[in-house]
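The structure appears right after this line, and notes come after that.
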Amino acid sequence: MTANEMWGGRFAAGPAAIMEEINASIGFDKRMYAQDIAGSKAHCAMLVKQGILSEADGTAITQGLDKVLAEIEAGAFEFKASLEDIHMNVEARLKELIGEPAGRLHTARSRNDQVATDFRLWLRDAIDGLEAQLKTLHRALIDKADKHADVVMPGFTHLQSAQPVTFGHHLLAYVEMIGRDRGRLADCRKRLNECPLGAAALAGTSFPTDRHATAQMLGFDGPTHNSMDSVAARDFAMEFLAAASITAVHLSRLAEEIVIWASQQFNFVHLTDAFTTGSSIMPQKKNPDAAELIRAKPGRIIGSLNALLIVMKGLPMTYGKDMQEDKEVTFDAADNLSLAVAAMAGMVEDMEPNKESMRAALVDGFPTATDLADWLVRVLGLPFRDAHHVTGSLVALAEKQGVTLDALSLADMQTVEPRITDDVFSVLSADASVNSRTSFGGTAPANVKAAASAARERFL
């Protein structure tokens with residue numbers, strides 16, 4: 001069967017080779033074969049139920065579609081670019097298998113509502129797969145945070161030592177981010193879970209169809225409400241790409257930290273050979289390539305979002321062939337996000353903190369300066385701005401002497417603020433600092449343990 005025959009009598013001549021090349025989408029939309037066949041089977045069942053198709057034709061179509069599905073899954077199906085897309089490839093093979101009844105399957109539908117349905121079904125499946133993967137990553141982060149709730153390390157602002165925190169607390173920050181990422185994908189899934197099938201080309205159909213039944217058979221919450229919006233909308237894909245982009249950014253931030261932590265200069269974490277590679281010329285190198293590749297993924301995924309936004313910008317109602325550009329970018333983003341999540345889960349499980357290096361890094365940068373300022377407020381009653389000034393002067397004095405704050409003598413401190421007592425030394429260690437941060441959401445090890453337990457309840 002030629003493309004002309006599929007289009008009908010309107011076209012007398014075949015398409016030029018370049019037109020066939022630009023028009024065909026089978027090279028990428030064939031991955032929706034399972035969704036396309038599932039949609040066709042549901043549509044067929046509805047047509048039979050409504051008396052639009054005979055039971056005999058319905059049985060032949062359903063059995064034929066099962067054979068097509070089996071051929072594709074066995075790798076025995078020949079996809080043809082001349083038939084443009086997955087819909088026409090399946091229908092053409094169905095006609096070869098069962099003859100005339102195949103031509104009745106397309107009653108009361110169009111490729112416009114068919115592709116919109118397939119795409120939603122595919123994206124729903126992709127989101128479900130990502131949800132499972134993100135849950136695995138969530139578990140890895142929570143387990144690692146719980147295990148290292150009391151490992152002290154520098155916390156940074158501007159990539160400069162700021163205050164002591166715990167490694168577990170640092171990882172729990174990403175637990176919160178991934179939780180919101182999962183929430184965004186769940187919201188996207190909920191909004192996309194309406195069925196366009198039966199909207200036909202754009203105006204609905206004169207056949208007595210039951211779109212609610214079709215939607216129910218396909219696991220949708222219900223049918224889409226407007227036939228024009230049904231075929232014109234791609235905001236569900238844009239929303240997915242936006243959620244995917246934010247998730248990729250979060251993964252990239254953690255990946256960048258792992259790159260920094262694994263460097264010889266920091267040496268905060270150790271990664272095994274499973275997630276590092278060597279150099280072709282420098283035998284000493286152990287590169288965190290998995291993290292670097294995850295760090296790069298937002299470039300592709302954000303690019304996919306940008307591409308689809310631009311494709312859809314300014315398109316009039318309803319369907320335009322421009323919209324064929326929606327799938328490749330979405331498929332690519334979903335594939336790359338899935339790979340990044342899987343790799344990150346593996347890395348989190350694999351990495352272990354170098355506790356000694358983390359603690360040694362707390363010597364530089366006066367990370368307990370804020371604890372000193374808080375002590376001045378709490379014990380001496382100084383206004384915080386005055387305490388901030390006194391602490392700054394003490395930091396300058398320690399810097400001049402080349403020592404840490406807790407190595408300053410009491411006499412030296414009293415040259416800046418005479419009322420300081422030796423009790424001040426009780427807050428100047430990193431351990432004292434983290435143990436004091438007991439406010440809700442704070443870094444105290446007891447807090448981290450409780451937060452990890454709560455996170456299990458919330459997310460797992």
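The values are calculated or read from the model by the stated rules, or taken from the named source; none is laboratory data. Keep in mind that what you see is a predicted model, and the values were worked out from it rather than measured. Reconstructed Cβ throughout: ideal geometry from the backbone, glycine too, with neighbour counts over all protein chains shown. With ligands, DNA and RNA removed, areas are computed over all heavy atoms of the protein, side chains included. Shrake-Rupley method; radii C 1.70, N 1.55, O 1.52, S 1.80 Å.
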Among (1) open to solvent by 10 Å² or more (accessible area, probe 1.4 Å); (2) among the aliphatic types (A, V, I, L, M); (3) in contact with a helix residue (DSSP H, G or I) (Cβ under 9 Å, 6 or more places away or on another chain), there is one condition A132 misses while meeting the rest; what is its number?
(3)
For a quick check of your reading of the model, give me the residue pairs whose first member lies in segment 333-353 and is on the phi < 0 side of the Ramachandran plot, whose second is acidic (D, E) and part of a helix (DSSP H, G or I), with beta-carbon atoms closer than 6 Å and at least 6 apart or on different chains.
none
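Listed here are the residues, each with its yes/no results for (1) assigned by the TED database to the domain that holds T330; (2) modelled with pLDDT of 60 or more; (3) not in a helix (DSSP H, G or I).
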{"residue": "M6", "(1), (2), (3)": "no, no, no"}
{"residue": "G14", "(1), (2), (3)": "no, yes, yes"}
{"residue": "F28", "(1), (2), (3)": "no, yes, no"}
{"residue": "S40", "(1), (2), (3)": "no, yes, no"}
Kindly indicate whether any position in segment 71-85 is assigned to a helix (DSSP H, G or I), polar (S, T, N, Q) and more than 19 Å from G27 (Cβ to Cβ).
no
Considering (1) open to solvent by 60 Å² or more (accessible area, probe 1.4 Å); (2) touching a helix residue (DSSP H, G or I) at 6+ places or on another chain (Cβ under 8 Å); (3) β-branched (V, I, T), say which one V348 fails and leave the rest.
(1)
Is it true that some residue in segment 257-268 is in contact with a Lys or Arg (Cβ under 8 Å, 6 or more places away or on another chain), assigned to a loop (DSSP other than H, G, I, E, B) and surrounded by 14 or more Cβ atoms within 10 Å (Cβ to Cβ)?
no
Exactly one of D181, D125 is of a type in the set (D, E), farther than 21 Å from A454 by Cβ and either within 16 Å of the chain's Cα centre (by Cα) or crowded, with 19+ Cβ neighbours inside 10 Å (or both), and that residue is D125
Hey, can you tell me all the residues within segment 187-220 that are loosely packed, with under 14 Cβ neighbours inside 10 Å and either in contact with a helix residue (DSSP H, G or I) (Cβ under 7 Å, 6 or more places away or on another chain) or assigned by the TED database to the domain that holds H43 (or both)?
R191, A203
Do you know which of the residues in segment 144-162 that are touching a residue at least 60 places away in the same chain (Cβ under 8 Å) and assigned to a helix (DSSP H, G or I) is surrounded by the most Cβ atoms within 10 Å (Cβ to Cβ)?
A145
Working only within segment 389-405, note down all residues that are small (G, A, S) and crowded, with 16+ Cβ neighbours inside 10 Å.
A398
Is there a residue in segment 442-455 that is in contact with a strand residue (DSSP E or B) (Cβ under 9 Å, 6 or more places away or on another chain), part of a helix (DSSP H, G or I) and closer than 23 Å to F266 by Cα?
yes
What tally of residues in segment 409-446 results from selecting those that are closer than 19 Å to A149 by Cα and open to solvent by 40 Å² or more (accessible area, probe 1.4 Å)?
10
Return only the number of the condition from (1) open to solvent by 20 Å² or more (accessible area, probe 1.4 Å); (2) at positive phi that A76 does not satisfy.
(2)
Looking at this structure, is D118 part of a helix (DSSP H, G or I), touching a residue at least 60 places away in the same chain (Cβ under 8 Å), touching an Asp or Glu at 6+ places or on another chain (Cβ under 6 Å) and crowded, with 20+ Cβ neighbours inside 10 Å?
yes
Among the residues of segment 163-174, is any of a type in the set (A, V, I, L, M), open to solvent by 10 Å² or more (accessible area, probe 1.4 Å) and touching a residue at least 24 places away in the same chain (Cβ under 8 Å)?
yes
Would you be able to tell me the number of residues in segment 398-439 that are part of a helix (DSSP H, G or I) and small (G, A, S)?
8
